[in-house]
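The values are calculated or read from the model by the stated rules, or taken from the named source; none is laboratory data. These numbers come from a predicted model, not from an experiment. Cβ placement follows ideal geometry from the backbone for every residue including glycine, while neighbour counts extend to all protein chains displayed. The protein model used for the area step is the full one, side chains on, heavy atoms only, and it has no ligands, DNA or RNA in it. Shrake-Rupley method; radii C 1.70, N 1.55, O 1.52, S 1.80 Å.
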Amino acid sequence: MLELLPGIGVMLPGGAGVLRFRTGADAARDLLTASADGVHLGLRCGSLTIGDYPELRHAHDAWLGGYLFQPGWNTVAEFDGLRLTVAGGGPDAAGGLAGVEVRRVRPAPDADATGVVWDGADLFGHPAEEVLAVLPETVRLPEPATAVAVPALGLRLGGDAPVGDTWGQLTLTDTESDGWARCCAGRFRCAEGGDGLVGIMR
């Protein structure tokens, strides 16, 4: 089970420890290497760095969507059906962990080992609407149409999810520090044309 600890980080499966927000890239990579089924570098193809985007809001949207390449923060860890990707905190806080993306990449033979849990509820293991019913103050996001934010938890569900009737992707962000604060007031999206695909596909 992978447990979300809003404001703190993520408890890794099997009692491997807590991946804490504001941890440096090397320490985060070492913890993941010691505990995951496998660790590799993410693909840089098709990604841009912060300086490559014409405006900061585009880089912020790319960060939220997993398109932004941050040197030193492209570690990807596999945990029996889950893929975990880490991200630094943006232009004013790039040295510390501020975002953890979790994706379900295949059905797991042992649901208990691969659950993604917050407050006792498996966010990937129950119908999407049932999950929303137990989360505090959810906000529907306009893009993508399936995305939902939970500002109080620093949680964003969606992206390519839900998968069937269940969620299959989430991002947990640090609620204590926000390196993107000068970009926009919203933690989970930039208004007025923020678009993470600018320069990549558009």
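Using a Förster distance of 30 angstrom, determine the FRET efficiency expected from the C-beta separation of residue 119 and residue 22, and round it to 0.05.
After rounding to 0.05, the efficiency reads 0.85.
Please list 201, 1 in order of solvent-accessible area, largest first, computed with a 1.4 Å probe with all protein chains present.
The most accessible residue leads, giving 201, 1.
Consider just the alpha-carbon atoms of the stretch 1-77 and return their Rg together with their Dmax, both in angstrom.
Cα radius of gyration and Dmax of the stretch 1-77 are 14.0, 43 Å respectively.
Given the -39500 (n - 2.57) contribution per DSSP H run of 4+ residues, what per-residue ellipticity at 222 nm results for the chain, rounded to the nearest 500 deg cm²/dmol?
The per-residue figure over the chain is -4000 deg cm²/dmol.
Using a 10 Å Cβ count of at most 15 others and DSSP loop calls, identify the longest part of the chain lacking such GluC sites (Glu not before Pro).
56-136
Where is the GNM fluctuation largest for the chain (alpha-carbon springs, 10 angstrom cutoff): 181, 28, 147?
181
At a Förster distance of 45 Å, what's the computed FRET efficiency of residue 181 paired with residue 129, Cβ-Cβ distance as r, to 0.05?
Values: r = 32 Å, r/R0 = 0.71.
Computed FRET efficiency for residue 181 and residue 129 comes out at 0.90.
Any idea what Rg and Dmax come out to for the stretch 31-131 if you just take the C-alpha atoms, in Å?
Rg and Dmax of the stretch 31-131, Cα atoms, are 15.3, 45 Å.
Can you match P(r) over Cα pairs in 5 Å bins from 0, in percent to one of these, (i) 1, 7, 14, 18, 18, 16, 11, 8, 3, 2, 1, 1, 1, 0, 0; (ii) 1, 8, 17, 21, 22, 17, 10, 3, 0; (iii) 1, 7, 12, 14, 13, 10, 8, 5, 4, 3, 3, 3, 3, 3, 3, 3, 2, 2, 1, 1, 0, 0, based on a calculation from the structure here?
So the calculated entry is the one marked (ii).
With a 1.4 Å probe and all protein chains kept in place, how much accessible area does residue 68 have, in Å² rounded to the nearest 10?
Number for this one is 20 Å².
Could you work out the relative contact order of the stretch 73-142? I mean the mean sequence separation of Cα pairs under 8 Å and 6+ apart, divided by the number of residues, in percent.
Relative contact order for the stretch 73-142 comes out at 21 percent.
Heavy-atom accessible area per residue, the chain, 1.4 Å probe: how many Å²?
That works out to 46 Å² per residue.
For the stretch 1-41, what D do you get in µm² per second when you plug the Kirkwood radius from alpha-carbon pairs into Stokes-Einstein at 10 °C and 1.306 mPa s?
The estimated diffusion coefficient comes to 151 µm²/s.
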